[in-house]
Amino acid sequence: MFTVPLHLYSQSSSSKLTKHNEAIYRWFDQQIGLENTVLYNGYLDDGDGYFEKENAYKDSHRYYNQFDFYEGSLIYDNQFFNNINIKYDLFEESLLLTLKNSNNNLRTIKPLNNKVKSFFIDEKQFINLNYLQNEGIQKKGYVEVLLETENFNFYRKHFKQKNEIWSSGKLEYKFTYKTLDFLYYKNALIKLKNKRQLLKIFPEYKSTIREYLNGKRNNEENNIAVLKRLSLLMVKH
């Protein structure tokens, strides 16, 4: 069996694979056959529809952004896999993969969460919170990487809540999308709700925070702008 060592995987959180590297990974996958890799060390859908078991209400679903699979990549059991069909289940905090076996048939796999280090879909990077150095981090599952700096990282947790609805005489489930933002600072994961939280975390930079955020909406763009500025100031000191 061939394996792809992680030192070949050199992309950063914001960069894409080069065409050369992508061709190498695709060649490895073709030579090995994905059913002979650690990706098959998960839960196999035996065809009874277990992984798609609910009657969803109207256009509601439990997945990230769309019901269909994304073409993405992931690091699983310390090995990198590219061009993998991935669904991100926001309700159960898990992934679904479709893999071809030696007979060219598609099988659905639910990989073991504790072996998924990170994955890329929709041009975004998600990491497993289990792999963070932490001080009492209670949150589990995955977070999107919004910003990485020398001093702290800015993450977003996507999730869905499920509610029961009776529709046309039958029970259906409506999934509601929500997000939470976190700052990973000094090995702690801190929920970031508003400007007051930033002032509490970085009291020595109150003037900078107020300069950047006063009168502005609490959104991703503004938060990233002030966090980039804070990171530069912290490096200078």
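Observations
- Screening residue 151 against (1) under 24 Å from residue 67 (Cα atoms); (2) open to solvent by 50 Å² or more (accessible area, probe 1.4 Å) leaves a single unmet condition, (1).
- One residue from 65, 103 being under 17 Å from residue 124 (Cβ atoms) and out of contact with any strand residue (DSSP E or B) (no Cβ under 6 Å at 6 or more places or on another chain): 65
- Condition check for residue 189 on (1) in contact (Cβ under 8 Å) with a residue 60 or more places away in the chain; (2) within 17 Å of residue 148 (Cα to Cα); (3) open to solvent by 90 Å² or more (accessible area, probe 1.4 Å): one failure, at (3).
- Residue within the range 161-175 that is under 27 Å from residue 78 (Cβ atoms), open to solvent by 50 Å² or more (accessible area, probe 1.4 Å) and in a strand (DSSP E or B) present: no
- Subset of the range 192-237 [more than 12 Å from residue 154 (Cα to Cα), assigned to a helix (DSSP H, G or I), among the polar types (S, T, N, Q) and under 26 Å from the mean Cα position of the chain (by Cα)]: 197, 222
- Identity of the residue in the range 93-129, among the hydrophobic types (A, V, I, L, M, F, W, C) and free of Cβ contacts under 8 Å to residues at least 40 places away in the same chain, that ends up most open to solvent (accessible area, probe 1.4 Å): 106
- When residues of the range 198-222 are limited to those that are at pLDDT 90 or above and among the polar types (S, T, N, Q), the one farthest from residue 179 (Cα to Cα): 207
- All positions within the range 137-148 that are surrounded by 14 or more Cβ atoms within 10 Å (Cβ to Cβ) and out of contact with any Ser or Thr (no Cβ under 6 Å at 6 or more places or on another chain): 137, 139, 141, 142, 143, 144, 146, 147
- The residue that is least open to solvent (accessible area, probe 1.4 Å), among those in the range 176-186 that are in a strand (DSSP E or B) and charged (D, E, K, R), is 181.
- All of 115, 140 fail the test of being within 12 Å of residue 189 (Cβ to Cβ) and of a type in the set (D, E, K, R), apart from 140.
The values are calculated or read from the model by the stated rules, or taken from the named source; none is laboratory data. Keep in mind it's a predicted model, so treat the numbers as computed, not measured. Every residue, glycine as well, gets a Cβ built from its backbone with ideal geometry; the counts of neighbours run over all protein chains shown. We work out accessible area using only protein heavy atoms, side chains counted, and drop any ligands, DNA or RNA first. Shrake-Rupley method; radii C 1.70, N 1.55, O 1.52, S 1.80 Å.
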